[in-house]
1. Is it fair to say VAL85 is closer than 21 Å to ASP159 by Cα and under 19 Å from the mean Cα position of the chain (by Cα)?
2. Could you tell me which residue of region 443-481 is least open to solvent (accessible area, probe 1.4 Å), considering only residues that are over 23 Å from GLY380 (Cβ atoms) and of a type in the set (Ser, Thr, Tyr)?
3. Hey, can you tell me all the residues within region 154-163 that are under 23 Å from the mean Cα position of the chain (by Cα) and surrounded by fewer than 24 Cβ atoms within 10 Å (Cβ to Cβ)?
4. Would you please name the residue that is surrounded by the fewest Cβ atoms within 10 Å (Cβ to Cβ), looking only at residues in region 85-124 that are β-branched (Val, Ile, Thr) and either under 16 Å from MET165 (Cα atoms) or not assigned by the TED database to the domain that holds VAL70 (or both)?
5. With in a strand (DSSP E or B) and small (Gly, Ala, Ser) as the only criterion, which of ALA405, ALA375, ALA398 stands out?
6. Checking ARG259 against (1) modelled with pLDDT under 90; (2) loosely packed, with under 15 Cβ neighbours inside 10 Å: exactly one of these is not met. Which one?
7. Which condition does HIS253 not pass, out of (1) over 30 Å from GLU376 (Cβ atoms); (2) more than 16 Å from the chain's Cα centre (by Cα); (3) assigned to a helix (DSSP H, G or I), if it passes all the others?
Amino acid sequence: ACFRLLCSLLLPALFLSGILCICLVVLLWGVRLWIQRKKQLRSAGRDGKRPLLVAFFHPYCNAGGGGERVLWCAIRTLQKKYRNVTCVVYTGDRDATGEEIVEGAFRRFNIKLIHPVKFVFLEKRFLVEASLYPHFTLLGQSLGSVFLGWEALLKCAPDIYIDSMGYAFTIPLFKYLGGCRVGCYVHYPTISTDMLSVVRNQDTRFNNAAFITSSPLFSKFKLVYYYFFAFMYGLVGSCSDVVMVNSSWTLNHILSLWRVGACTSVVYPPCDVQAFLDIPLEVEKSTSEYSIVSVSQFRPEKDHPLQIRAFAKLLKEKRVGQQPSLKLILIGGCRNQQDEERVNNLKRLCEELGVSDDVVFRINIPFEELKRHLAEATIGLHTMWNEHFGIGVVECMAAGTVILAHNSGGPKLDIVVRHEGRVTGFLAEDEDSYAETMAYIFSLPPEKRLEIRESARRSVHRFSDQHFEDTFLLSVEPLFK
């Protein structure tokens, strides 16, 4: 009797599930055909040929960070190489016009595009805001990106799709529903084996709250969640036809998660080294004030509090009456209200540590002002743990500062490495080692600092715009065949 009851319930359920699956497949196939039809109806250009639409998914294209510099350089590179290409940018920056965004790219990065860009303004960018998902943030943002990607695909169906901001969950959507050739430029894996080890070892960090680290049960649950997410992330990433990563560190993680080594290559981000090379390198003249400059967006992972605490420690341990005086200049972009609140919190930290008069905040400044600060600085400071690459680090080295970066990620593996057998900069890990190393750099004779600055400048040519253009074109070539 139980068996008959089970069969009477199970068989209709299986039949219904089968019907629903078939309906879903038919629906998705119908959507794909409808999108293909929309593509075919696209009007031809002046030469009678239908232009090839290359779309970049970059919801924060007006943010002014290193990822945005990659975007505009990539677009300029394609415009130089391919005549019959129209570049499209999917963005959620609805508070600016297309002209203002392009003008902002020129003002901030010194990048002038050859042809106009088509902007597709998205209304649902709030779906990828971290603040919308206080818990299960990675999963929430990733699912939100699928809905945002769907809006983008409906508004403009491209021939080639490139995710340039790390929303890997949009890749299958554009490949299988949009019928696009798909590529991506990965600045930072959404999840990494390092993140898994942080949870496994119950370390407290900005992305691993104290209440989780103090509970073995919560830690195990988060670990299961992270492993599930890593599996899904690997699945969607493996749909890519072309994968570009920005450093050796990112390459190692993407290879282990996505397992698409045949179509994965390192394309170092374009750093505007040329713009800094006209800053003269000479032995520093005696001065009453030395400056330490940090260049990075005001985001939690950049760890500005570590910079301020290390600087306060340096000032505290300075011998009484020792000259010259020191200034810490924090230069960065603020994208939204959360970033502005972060800056206010940093200012409060300066007050608590008694260094408010010695720390200067310069927010969303134009390129020329950034260049002036770097030209005058003695030390370039960077504190992000496992920074995927570090454009700010390269710019500091090109400008002739003595770089002090975090002993991890891109700076450790790719940037602050010996060049022609010579030291190009320094690495540190915590408050004490940062303070000690800054003190050591200031204790060096100016001639010795000049040697390090010259070696650093010679080493950064491999991160130039020209090198990026060559490797980027080589990587994306399969998408244009």
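The values are calculated or read from the model by the stated rules, or taken from the named source; none is laboratory data. Computed from a prediction, not measured in an experiment: that's the story for all the values here. A quick note on method: Cβ atoms are made from the backbone with ideal geometry, for glycine too, and the neighbour counts reach across all protein chains shown. With ligands, DNA and RNA removed, areas are computed over all heavy atoms of the protein, side chains included. Shrake-Rupley method; radii C 1.70, N 1.55, O 1.52, S 1.80 Å.
1. On the way: closer than 21 Å to ASP159 by Cα: yes; under 19 Å from the mean Cα position of the chain (by Cα): no.
It is false that VAL85 is closer than 21 Å to ASP159 by Cα and under 19 Å from the mean Cα position of the chain (by Cα).
2. The residue in question is SER475.
3. Of the residues in region 154-163, the ones under 23 Å from the mean Cα position of the chain (by Cα) are 160-163.
Listed by number, the list holds a single entry, ILE160.
4. That would be VAL120.
5. Numbers: ALA375 fails: in a strand (DSSP E or B); ALA398 fails: in a strand (DSSP E or B).
ALA405 is the lone residue from the list that is in a strand (DSSP E or B) and small (Gly, Ala, Ser).
6. Failed condition: (1).
7. Here HIS253 meets the rest and fails (2).
Matching residues to (1) modelled with pLDDT under 95; (2) of a type outside the set (A, V, I, L, M); (3) under 21 Å from TRP34 (Cβ atoms):
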residue: ILE111; (1), (2), (3): yes, no, no
residue: ILE114; (1), (2), (3): yes, no, no
residue: LEU122; (1), (2), (3): no, no, yes
residue: LEU132; (1), (2), (3): yes, no, no
residue: SER145; (1), (2), (3): no, yes, no
residue: LYS155; (1), (2), (3): yes, yes, yes
residue: ILE160; (1), (2), (3): no, no, yes
residue: PHE169; (1), (2), (3): no, yes, no
residue: TYR176; (1), (2), (3): yes, yes, yes
